[in-house]
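The values are calculated or read from the model by the stated rules, or taken from the named source; none is laboratory data. Everything numeric in this text was worked out from a predicted model, so none of it was measured. Methodologically, a virtual Cβ is constructed for each residue, glycine included, from the backbone with ideal geometry; neighbour enumeration extends over all protein chains shown. Only protein heavy atoms, including side chains, enter the accessible area calculation; ligands, DNA and RNA are left aside. Shrake-Rupley method; radii C 1.70, N 1.55, O 1.52, S 1.80 Å.
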Amino acid sequence: MDKIWSIKPQGDNNDIKHLSAALNVNMVIANLLAQRGVKTFNEARSFFRPRLSDLHDPFLMKDMDRAVERLERAIRNQEKVLIYGDYDVDGTTSVAMLYLFLKDYLTHIDYYIPDRYTEGYGISPQSIEFAAREDFSLVIVLDCGIKAVEKVKMARDQGLDFIICDHHNPGESIPEAVAVLDPKRPDCPYPYKELSGCGVGFKLLQAYTLKNNINPEKLHDLLDLVVVSIASDIVPITGENRVLAWYGLKKLNTDPGMGLQTIINFAGLKGEEISISDIVFKIGPRLNASGRIEHGKKSVQILVSVDTVSSDALGEEIDSFNEIRKTLDRDITQDALDMIERDEAMRSRNSTVIYNRDWHKGVVGIVASRLTEFYYRPTVVLTESNGLATGSARSVKDFDLYEAIGACSDLLESYGGHMYAAGLTMRIENVRAFSERFEEIVTKTVTSRQQLQTVEVDAKLALHEITPRFFRVLKQFAPFGPHNNIPVFVTEDVIDAGTSRLVGKNLEHIKLDLMEPDASSGIFAGIAFNMASKFPVIQSGTPFDICYSVELNEFRGKTNLQLNIKDIRTKP
């Protein structure tokens with residue numbers, strides 16, 4: 001499938017020249033900074049060397065004073081407090097963080113994670129009944145709750161106070177809880193809007209420590225949990241998230257909590273320098289697997305472990321859940337691909353809506369992501385649960401999936417999400433009508449550009465500009481993630497040095513040896529995954545263009561710079 005190479009606008013030329021001189025870096029590096037909103041020496045210093053003192057005053061958040069006062073009263077009176085969170089990574093890390101911090105101040109504290117299959121997302125009626133039955137008086141909700149207007153009213157009628165810490169967009173009205181902390185509230189003046197759910201919980205604890213003169217190191221010891229939430233929930237790594245992630249990675253790499261250390265060991269990352277990418281692909285999926293396969297409470301249990309025996313036992317169990325998850329993911333994805341390929345009408349559509357009553361509900365979101373990547377079109381994957389068709393949807397760049405699903409709301413029992421990802425439930429008999437309506441809406445609104453994958457390119461670069469010093473500075477742009485992705489470059493008119501070859505089990509990848517026609521760069525190693533179809537042209541000696549990121553490759557004890565090829569464009 002052809003891809004669009006979209007080269008980002010260059011920063012202001014005066015800013016670039018000023019930064020280049022002030023920082024003693026080349027113009028390419030200075031431009032990368034300018035593209036990220038860094039214009040001065042001091043801003044560059046804050047970018048490259050974040051400080052915890054750069055974090056905003058937590059009391060700028062709407063309702064923070066009320067939340068802290070209610071928490072102080074609970075601690076003063078030794079009330080029973082329940083920590084409640086969603087079953088995904090953001091939710092479970094949030095719950096673990098608050099539990100680990102507050103257990104030193106509360107005698108009666110417990111946590112609750114809803115069951116994905118019997119309770120679903122958000123505050124469940126079962127959890128309210130549990131809290132009331134067990135005489136809890138305060139429930140602190142994390143990573144959900146902003147739309148739970150009726151549930152909070154139900155809880156209040158039973159004598160339960162709620163503090164909500166959420167980061168999702170609110171509905172038309174705000175729940176009448178004791179305090180609702182959410183920077184996305186339209187009436188919230190908090191200057192940074194992109195915190196994870198765990199990040200909002202962190203701000204609550206930060207406010208409590210400030211007001212009660214508690215050593216902030218006690219809170220900073222939990223930043224490893226915060227960075228796992230930031231990476232796994234794919235929130236922008238800018239502003240406060242960059243500061244929290246920077247220090248969280250430092251903690252994760254030097255002194256992680258016992259449970260996270262166990263997960264690190266099972267993920268094969270012991271002794272490695274853990275990055276945001278490692279969290280996204282190796283740590284996060286393991287923590288998510290508990291809620292997908294059995295129960296999300298297992299993830300909290302390992303994250304709050306205090307002895308190695310129980311931590312290791314839980315780690316082994318969670319790792320087995322992850323293996324089951326991978327098998328289900330692989331098998332259901334293949335099943336879905338086969339169904340689509342057998343159906344010519346489905347293949348030719350502008351959207352995918354696919355249903356199988358026997359698919360595992362816990363992995364349909366992952367399968368939706370895989371199908372979107374494969375066919376590159378808005379995708380809905382449904383299965384049966386509790387007598388209804390329920391599932392997940394994923395979108396392509398710049399297409400508002402949430403709006404398209406909302407246009408089908410009369411066919412749905414419920415739905416929620418955002419522009420790029422959503423969950424939805426409908427009666428089984430409505431699946432066909434939903435599929436037709438959704439296809440009609442997508443066909444009318446999707447543009448031809450949205451139907452092509454886009455590679456965002458930061459700048460053009462010559463191979464000879466890629467020096468060890470250039471790479472050392474480039475590494476300091478980390479932690480990488482949304483709105484601060486690993487820089488991608490374009491180099492035009494490169495040629496094969498004559499030693500490129502096909503590699504991989506099925507010879508599906510190309511191991512490249514590249515050079516510029518005048519040989520000024522020497523030879524650069526590259527790897528192009530799943531691009532074997534481009535190999536004949538590369539072998540022919542014809543110049544071609546590449547877009548890529550620069551990485552460090554370690555193989556058999558040797559380390560070298562390598563180009564991770566995103567796409568290859570041959571000359572017409």
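Here the simple spin-label model places points 7 Å from the Cα toward Cβ, and for Arg432 and Ile234 these points are separated by 3.3 nm.
Using only Cα atoms, find the angle between the long axis of helix 89-102 and the longest principal axis of the chain, and express it within 0 to 90 degrees, rounded to the nearest 10. Approximately 50 degrees, to the nearest ten. Mean sequence separation of contacting Cα pairs (under 8 Å, at least six apart), scaled by the length of the chain, corresponds to a relative contact order of 11 percent. Under a 5 Å amide H cut-off, with hydrogens placed 1.01 Å from N, Ile486 pairs with Gly481 among residues at least 5 apart or on other chains.
So how much slack lies between Asn212 and His483, counting 0.36 nm per residue of separation and subtracting their Cα-Cα distance, in nm?
Separation in residues times 0.36 nm, less the Cα-Cα distance, equals 94.0 nm.
Asp110 to Ser540: FRET efficiency via 1/(1 + (r/R0)^6), r the Cβ-Cβ distance, R0 45 Å, to the nearest 0.05? Walk me through the numbers on the way to the answer.
Working: r = 67 Å, r/R0 = 1.49.
So, using R0 = 45 Å, E works out to roughly 0.10.
Under the classification rounded if a/c is under 1.5, otherwise prolate if a/b is larger than b/c and oblate if not, where does region 49-147 fall, given a ≥ b ≥ c as square roots of the Cα gyration tensor eigenvalues? Because a/c hits 1.5 or more and a/b fails to exceed b/c, region 49-147 counts as oblate. For region 264-301, GluC sites (Glu not before Pro) meeting the loop criterion (DSSP other than H, G, I, E, B) and having at most 13 other Cβ atoms within 10 Å: Glu272, Glu273. Each residue of region 260-274 is assigned a 3J(HN,Hα), and the resulting list reads 5, 4, 5, 4, 4, 4, 5, 7, x, 9, 4, x, 8, 7, 6 Hz, derived from the Karplus form 6.51 cos²θ - 1.76 cosθ + 1.60 (θ = phi - 60°), x at Gly and Pro. Alpha-carbon geometry of region 381-498: the Rg and the Dmax are 21.4, 62 Å, given in that order.
Over all distinct Cα-Cα pairs of the chain, the Kirkwood formula returns a hydrodynamic radius of 25.7 Å. Between Tyr190 and Lys62, the built amide H atoms are under 5 Å apart, and every one of these is 5 or more places off in sequence or on another chain.
With a Förster radius of 41 Å applied to the beta-carbon distance between Asn77 and Arg51, the computed FRET efficiency rounds to 0.65.
So which chymotrypsin sites (Phe, Trp or Tyr not before Pro) in region 479-572 pass both tests, a DSSP loop state and at most 14 other Cβ atoms within 10 Å of the Cβ?
Numbers: sites: Phe480, Phe489, Phe524, Phe529, Phe544, Tyr548, Phe555; in loops: Phe480, Phe529.
Answer by residue number: Phe529.
Ignoring lysines fewer than eight residues from Lys62 along the same chain, the ones with Cα atoms less than 18 angstrom from its Cα are Lys147, Lys184, Lys193, Lys203, Lys211.
Neighbours of Asn484 by Cβ distance under 9 Å: Lys/Arg scored +1, Asp/Glu scored -1, total +2.
Tally up the carbon and sulfur contribution to the accessible surface of region 237-327 as a whole percent, 1.4 Å probe, everything protein left in place. Of all accessible area on region 237-327, carbon and sulfur atoms account for 53 percent.
Proximity of backbone amide H atoms, modeled 1.01 Å from N, is registered between Phe399 and no other residue at under 5 Å, excluding neighbours fewer than 5 places apart on the same chain. Taking every protein chain into account, the accessible area of the chain amounts to 44 square angstrom per residue (probe 1.4 Å).
One chain, two ends: Glu440 and Ala462. Fully extended at 0.36 nm per residue, the span grows by 3.4 nm beyond their Cα-Cα distance. Under 20 Å from a label point set 7 Å out along the Cα-to-Cβ vector of Asp221, the amide N atoms of region 308-346 belong to 308-312.
Between the helical axis of 364-375 and the longest alpha-carbon principal axis of the chain there is an angle of about 20 degrees. Under a crude label model (7 Å from the Cα following the beta-carbon direction), how far is Ser409 from Leu337 in nanometres? Distance between label points: 3.7 nm.
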